[in-house]
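Student: Got a structure for you, questions after.
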Amino acid sequence: MAHLIDSHCHLDFPDFDADRDEMLSRARARGIGGFITINTRVRRFAAVQAIAAAHPDVFCTVGTHPHNAAEEADVSLEDILEAARDPQVVGIGEAGLDYHYDRAPRDVQEAVFRTHIEAARRTGLPLVIHSREAEEDTARILEDEMGKGAFTAVLHCFSSRPELAWRGVEIGLFVSFSGIVTFKKSDELRELAKALPEDRLLVETDAPYLAPVPNRGRRNEPGYVRDTAEVIAEVRGVALRELAEVTTRNALGLFSRMPVQAVGSVSGAVEI
Ligand code: NI
């Protein structure tokens, strides 16, 4: 018996204003026992903090998404460290590089990314990494920073070339799969999900984005992480229950500030 954890969702987004609580109930009824709501602007940290405070099975992170790196270039390391003192904060980020949209200059994205790495190192909390079409620079920065002092991290919503995942695993990172792994054309990603060592695997929704099949194209919600887990279980040739046990153990090992007892603690949370 096991619960799944949605290791990356954005519960504060307005997409969920009408039915946030009902949506969490629906997820619990599908076997999801824990949720990590990911901050994208340090200045809006209070929103994720409030959602975590309202639900004993919801935790949060603090950080600046690369899309917002320019507008938060003045957010200091101390600002992040201060927010991270809240015990509901289980990670730093999401931070990283996004060269697909390039919404902030690349040098600013890199500087903000490195500040978040330092915050992860100082707090001992894992860094949630967003990397899109930026494989080489992401690997270069991570390897460089790892050489300066250890930190833990996850490559979230992994959709890059497999080489980045393997370079990440080489330096101790985790790899998290979203609904993209269920898409028809994602053969390369499914091959990777099959090949990676089981102790590196996480699952997430990245809701409200990227709903897995069979809800592709609709608003995503945390309950759908089960559909992503089912596809990964299938390619790895294991039962869903086993995949849930493995990924939840990994999530609790990485996001170690999240108490084990919190998972499945809210009534209505079924096991798989
Ligand atoms: Ni995200």
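The values are calculated or read from the model by the stated rules, or taken from the named source; none is laboratory data. From a predicted model like this one, the values you see are computed outputs, not experimental measurements. Counting neighbours? That spans all protein chains shown, and the Cβs are built from the backbone with ideal geometry, glycine included. Ligands, DNA and RNA are excluded from the accessible area calculation, which covers all protein heavy atoms including side chains. Shrake-Rupley method; radii C 1.70, N 1.55, O 1.52, S 1.80 Å.
Listed here are the residues, each with its yes/no results for (1) among the acidic types (D, E); (2) under 15 Å from F13 (Cα atoms); (3) at pLDDT below 95.
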site	(1), (2), (3)
V42	no, yes, no
A46	no, yes, no
I51	no, yes, no
D57	yes, no, no
C60	no, yes, no
H65	no, yes, no
A69	no, no, no
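Student: If you go through segment 21-43, how many residues are open to solvent by less than 10 Å² (accessible area, probe 1.4 Å), more than 16 Å from the ligand (Cβ to nearest atom) and out of contact with any Pro (no Cβ under 6 Å at 6 or more places or on another chain)?
Tutor: Initially, segment 21-43 is screened for residues open to solvent by less than 10 Å² (accessible area, probe 1.4 Å), giving 23-24, 27, 31-39.
Subsequent filtering for residues that are more than 16 Å from the ligand (Cβ to nearest atom) retains 23-24, 27, 31-34.
Filter again for out of contact with any Pro (no Cβ under 6 Å at 6 or more places or on another chain), leaving 23-24, 31, 33-34.
The total comes to 5.
Student: Taking segment 150-192 as the search range and keeping residues that are aromatic (F, W, Y) and not in a strand (DSSP E or B), which one is most open to solvent (accessible area, probe 1.4 Å)? Step through it out loud before you land on a result.
Tutor: As a first pass, look at segment 150-192 and keep what is aromatic (F, W, Y): 151, 158, 166, 174, 177, 183.
Those left that are additionally not in a strand (DSSP E or B): 151, 158, 166, 183.
Values: F151: 17, F158: 6, W166: 104, F183: 24 Å².
This residue is W166.
Student: Among residues belonging to segment 135-149 that are open to solvent by 60 Å² or more (accessible area, probe 1.4 Å) and charged (D, E, K, R), point out the one that is farthest from T228 (Cα to Cα). Walk me through how you get there before you give the answer.
Tutor: Taking segment 135-149 as the starting set, the residues that turn out to be open to solvent by 60 Å² or more (accessible area, probe 1.4 Å) are 136, 140, 143-144, 147-148.
Filter once more, keeping what is charged (D, E, K, R): 136, 140, 143-144, 148.
Working: E136: 27, R140: 29, E143: 29, D144: 32, K148: 35 Å.
Across segment 135-149, the extreme among qualifying residues is K148.
Student: Does G179 satisfy the criteria of being over 16 Å from Q109 (Cβ atoms), within 16 Å of the ligand (Cβ to nearest atom), in contact with a Phe, Trp or Tyr (Cβ under 9 Å, 6 or more places away or on another chain) and not aromatic (F, W, Y)? So that I can check it myself, show each step before the final result.
Tutor: Working: over 16 Å from Q109 (Cβ atoms): yes; within 16 Å of the ligand (Cβ to nearest atom): yes; in contact with a Phe, Trp or Tyr (Cβ under 9 Å, 6 or more places away or on another chain): yes; not aromatic (F, W, Y): yes.
In short, yes.
Student: OK, next. When segment 11-38 is examined, which residues are found to be among the charged types (D, E, K, R), under 26 Å from H130 (Cα atoms) and without any contact (Cβ under 8 Å) to a residue 24 or more places away in the chain?
Tutor: First pass over segment 11-38, keeping only residues among the charged types (D, E, K, R): 12, 15, 17, 19-22, 26, 28, 30.
Now drop any that are not under 26 Å from H130 (Cα atoms), which leaves 12, 15, 17, 20.
Matches in segment 11-38: D17 only.
Student: Determine whether V213 is away from the ligand (no atom under 16 Å from the Cβ) and either surrounded by fewer than 22 Cβ atoms within 10 Å (Cβ to Cβ) or within 20 Å of R28 (Cα to Cα) (or both). Walk me through it before giving the result.
Tutor: Working: away from the ligand (no atom under 16 Å from the Cβ): yes; either surrounded by fewer than 22 Cβ atoms within 10 Å (Cβ to Cβ) or within 20 Å of R28 (Cα to Cα) (or both): yes.
Taking the combined requirement at face value, the residue satisfies it.
Student: Being touching a residue at least 60 places away in the same chain (Cβ under 8 Å) and within 16 Å of the chain's Cα centre (by Cα) narrows it down to one of S178, S265, so name that one.
Tutor: Numbers: S265 fails: within 16 Å of the chain's Cα centre (by Cα).
Being touching a residue at least 60 places away in the same chain (Cβ under 8 Å) and within 16 Å of the chain's Cα centre (by Cα) holds for just one of S178, S265, which is S178.
Student: Could you say whether any residue in segment 244-263 is of a type in the set (D, E) and either more than 15 Å from the ligand (Cβ to nearest atom) or open to solvent by less than 10 Å² (accessible area, probe 1.4 Å) (or both)? Write out each step before concluding.
Tutor: Initial filter on segment 244-263 (of a type in the set (D, E)): 245.
With either more than 15 Å from the ligand (Cβ to nearest atom) or open to solvent by less than 10 Å² (accessible area, probe 1.4 Å) (or both) added as a condition, the list becomes 245.
The answer is yes; a qualifying residue exists.
Student: Also, quick follow-up: In segment 65-77, is there at least one residue being open to solvent by less than 10 Å² (accessible area, probe 1.4 Å) and of a type in the set (V, I, T)? So that I can check it myself, show each step before the final result.
Tutor: Pass one, segment 65-77, residues open to solvent by less than 10 Å² (accessible area, probe 1.4 Å): 66, 69, 72.
From what is left, the residues that are of a type in the set (V, I, T) are none.
No, there is no match, as no residue in segment 65-77 is open to solvent by less than 10 Å² (accessible area, probe 1.4 Å) and of a type in the set (V, I, T).
Student: I'd like to verify a number: residues in segment 84-103 that are more than 22 Å from D206 (Cα to Cα) and open to solvent by less than 20 Å² (accessible area, probe 1.4 Å), how many?
Tutor: In the first step, residues of segment 84-103 are kept if they are more than 22 Å from D206 (Cα to Cα); the result is 85-87.
Filter again for open to solvent by less than 20 Å² (accessible area, probe 1.4 Å), leaving none.
Residues that pass the stated criteria total 0.
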